[in-house]
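The values are calculated or read from the model by the stated rules, or taken from the named source; none is laboratory data. These numbers come from a predicted model, not from an experiment. Accessible surface areas use protein heavy atoms only, side chains included; no ligands, DNA or RNA. Shrake-Rupley method; radii C 1.70, N 1.55, O 1.52, S 1.80 Å.
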Amino acid sequence: WITDMSLLGATNPVVTQEDLSQILVVPNPYMINSQFNESWGQKRINFTKLPQKCKITIFTASGELVDVINHSGGDDGFAGNIYWDLKNAHGRDVAPGLYIYQVEVPSGATIVNKFVIIR
């Protein structure tokens, strides 16, 4: 038996399109008055199954940039999570509606998907 120890501890796994397709927004749709909120007045959604390093760009349905989230966390490769506080880049609450998000990894692979916020 021959073992190649050079890959042991490697922290930059190759991110495939299939890996990106596993990303979820929870809850979706997000209901502002739902029991998912941890405390009264705290609104947030969770992006799950993120690669170790990625950039999440959020747009309105009409294509207006809402916010950009840079994720770099965890040693677990693809089980990363990050919360978004439902505020735009200027710190204001976003309106209910359809939102588009794009997740991009450093290698250039991207995925585009959507989530809904309901009042």
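Subtracting the Cα-Cα distance of ILE118 and THR60 from their residue separation scaled by 0.36 nm leaves 19.5 nm.
For the stretch 46-119, which whole percent of the accessible surface, found with a 1.4 angstrom probe, sits on carbon and sulfur atoms?
On the way: 1980 of 4000 Å².
Summing carbon and sulfur atoms, their accessible area is 50 percent of the total for the stretch 46-119.
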